[in-house]
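Written below as structure tokens is the structure these notes are about.
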Amino acid sequence: MSESSEDPGTSEAPAPALRVVLLPGTRRTGAHAVLDTLTQFDIATPQQARWLATFHAKVFELAGVVPTDARPQAAFLLANTGSQPDLREEARAWLRRQLDVQPQLLLHEPRIAFLASFWREIVISCDAGPGFVGVQRPPADIAHGAQPSGPLSDAGHLASWLNAQLTYERSTRDQPRSFLLYDDLLDDWTGPIMRLGQALDLPAVLECGPQGIRRVHHTLAEQAPLPTSPVPLAESEAPTALVDLCAQAWAALQALTADPADAAAEAALDDVAEGYRLLYLEAEAVARSSINAAREAGKAFVRSQAADAGAAATAPAAPVKPAVPEPPRATRRWARRSRA
Amino acid sequence: MENLEGNGEFAIAWPWEAGPLRWGRTAVMRVRNEARCLPWVMPSVLAAYDAVVLVDNGSDDGTPDLARKLADELDAGDRLTVRDYPFRVARAGEENLLAPARSVHSLTWFYNWSFAQSRTSYSFKWDGDMILTAEGVRVLRDLEWQLAPVHAIVAIPTHPLYVESDSVAWLDDGSAHLEAYGAPNRPEFRFLKAFEWETRDQPEWAERIELPYGICLELKFLDSDEFSHWTSPESFLDNPRAVRKQREWAIFEAVRAGRPGDIKGLRRVEAPEGTHVIQHVIDTNRSTASLSTTHRSTTHRPTPHRSTTETPDGAPGGVR
């Protein structure tokens, strides 16, 4: 008989350690491979799956930030919005409900890349331990998989990728975290996932049995590999300065897959972040006319909306429009029409 | 910049005129007789900031030496700079109004001189009684990188913690004072003279971030005179810009008279045996959404996305 079974105080099992794994990234980044792997173990995704995306969409809209935002100040804007007490309490209440049901939880949503600091505090305030995962693919491959958006389209995609990577890496320092290469996962997932389990102290991974291991093998084997870019990063049409920064970031991010606290890699990423900030500042200065034109177009749009609302209010037979703000999608459609 | 007294030793040499500033954030503490608070204050301020400038204004309780000792114990002695400012500084209220801004005796000069000692790109006003929770330290550390692409004012809500004994305190959950504590170390963000105290200038183009409620506490010891940096109680009791100070006065009066229930939002905190109540609050207090909106105050414009009944108030200047 074991010592613990003789102890009358252990008749009730101790509460399991609460863990929340946070995983950003879209399908193009390979995040789904980690999602599919971890969920084969006893790590559950939230019961209210849509809530997370809806909540993030609300926070981003309040902050005036889009998921592919390439502005270096995107994290600042979101930090300010994320300080709002009602948003924090809403997130905390939701997470508590999830943890009541599932002590090891996986939150996967692309916008987590910009909200890691926010979620860190929410998780800690629920007496759970946060763990951050980053799945890495070459930037050229990710840009290649994105929707083309006109001339020099790669530049925008690479800038979005770089900004999200820099933000997520910087905001998860000093926290339990693990970076994985998508290709490594496909080659032999056992090493990267064991390192992830150790770094995040995940019992579901560390104590998993053979059935879970078999399930992961089958799941990954069934997945079609993501397409790679026929054009290497060095030959991208994007500005050379941006390409160079992406190459430096990619090298440092790969180093972090071996050691998530690699000081030299973190320092290199700090240098990239500073270089990117200056590059973006220059680009904004060069594109000042486009920025001003967009601002004027926005003002004209608001004026036309107000005029429409005024006309509707004075016309007795007109149906009353609900006072709902114009959704961002409609704004974008209008912008496209105005360009045409 | 020369002062009215022609005292060259305390002329102001603006740090940005000496060349580019090192990236980072400095907490600038102007203190007098804060030895009682420092053991609670120094660990969090040294954990949250890259550098700390402590300007002592006539302490006789060993404040500067204690600050050095605590920093050394935390292996952070190289990040602490201690300066002495030997002049009597006007108290908040009428004395401030009468003191010329360019006199070494004015709060404005005292602040500008103190902040000119920092050598980093951002500087933060930090009172000698302000402590951070663990969450607060992390949030402040996030700013190290979040502020890099912007020139922003950093507003921090603070909550008074009235310490009655080693085991009992009163946390004012019902009020939060939102003040712009941090700003870029640039000429556009110098201190200006206001009526009762000083105020930090801020250009229209400055961005602004407000940190979460519940992460920063101000220690008030109920057996101390916490109002000595004001010319007199009359300076703030009928003053529409001093709503916060009026509430503090009301809480002192109510708790000392054994009527804490008169104050809405005042919460009694009792620490478990063996733990000091201040440490207990540091360890357990979390960012909150439970604040009443009726007692929030701010020294600067409210952020548009927050609808609170903020009233114009200010941090009384001088040393804490």
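The values are calculated or read from the model by the stated rules, or taken from the named source; none is laboratory data. For clarity, every value in this text was computed on a predicted model and none was experimentally measured. Using ideal geometry, Cβ is built from the backbone for each residue, glycine included, and neighbour counts are taken over all protein chains shown. Side chains included, ligands, DNA and RNA excluded: accessible areas come from the protein's heavy atoms. Shrake-Rupley method; radii C 1.70, N 1.55, O 1.52, S 1.80 Å.
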request  = Give the ranking of A:Thr219, A:Thr45, A:Thr228 by solvent-accessible surface, highest area first, calculated with a 1.4 Å probe.
outcome  = A:Thr228, A:Thr45, A:Thr219
task = Take every DSSP beta bridge with both residues inside the protein assembly as shown and express the antiparallel ones as a percent of the total, to the nearest 5.
result = 30 percent
Ellipticity estimate at 222 nm from DSSP helix runs (n ≥ 4, -39,500 (n - 2.57)) divided over chain A, nearest 500 = -19000 deg cm²/dmol
note = Here the gain from full extension of A:Glu61 to A:Gln211, 0.36 nm per residue of separation minus their alpha-carbon distance, amounts to 49.7 nm
task = Return the percentage of antiparallel bridges among DSSP beta bridges fully within the range B:120-269, rounded to the nearest 5 %.
result = 70 percent
message = If you take each beta carbon of peptide B:136-148 and count the beta carbons of other chains within 10 angstrom, what is the mean?
response = 5
Neighbour cut-off at most 10 other Cβ (10 Å), DSSP loop, chymotrypsin sites (Phe, Trp or Tyr not before Pro), the range B:191-233 = B:Trp205
note = Rounded to 0.05, the calculated FRET efficiency for the beta carbons of A:Ser153 and A:Asp127 at R₀ = 51 Å is 0.65
message = Beyond a 26 Å Cα-Cα separation, which of these cross-linked pairs lie in this structure: B:Lys193/B:Lys245; A:Lys299/B:Lys193; A:Lys58/B:Lys264; A:Lys58/B:Lys125; B:Lys125/B:Lys264; A:Lys58/A:Lys299?
response = A:Lys299/B:Lys193; A:Lys58/B:Lys264; A:Lys58/B:Lys125; B:Lys125/B:Lys264
query = By how many degrees, 0 to 90 and rounded to 10, does the Cα axis of helix B:134-146 deviate from the longest principal axis of chain B?
reply = 30 degrees
ask   = Expressed as a whole percentage, what fraction of the accessible surface of the protein assembly as shown belongs to carbon and sulfur atoms when a 1.4 Å probe is rolled over the protein heavy atoms?
value = 54 percent
Positive-end residue of B:Phe252, A:Tyr280, B:Ala48, charge dipole of the protein assembly as shown with Cβ unit charges = A:Tyr280
remark   = Descending packing, highest mean Cβ count within 10 Å first, for B:267-275, B:45-53 is B:45-53, B:267-275
message = I need the calculated FRET efficiency for the pair A:Ala49 and A:Arg288, taking r as the beta carbon distance and R₀ as 51 Å, to the nearest 0.05.
response = 0.75
query = Using the Kyte-Doolittle scale, which helices in chain A average at least -1.0 and also have C-alpha atoms spread 27 Å or more along the helix axis, with helices defined as whole DSSP H runs?
reply = A:153-171, A:240-258, A:263-286, A:288-314
Probe 1.4 Å, protein heavy atoms only - accessible area per residue of the range A:181-283 in square angstrom = 54 Å²
query = Heavy-atom accessible area per residue, the range B:97-216, 1.4 Å probe: how many Å²?
reply = 25 Å²
key: Cut-off under 5 Å, modelled amide H: who pairs with A:Leu181 long-range   = A:Gln136
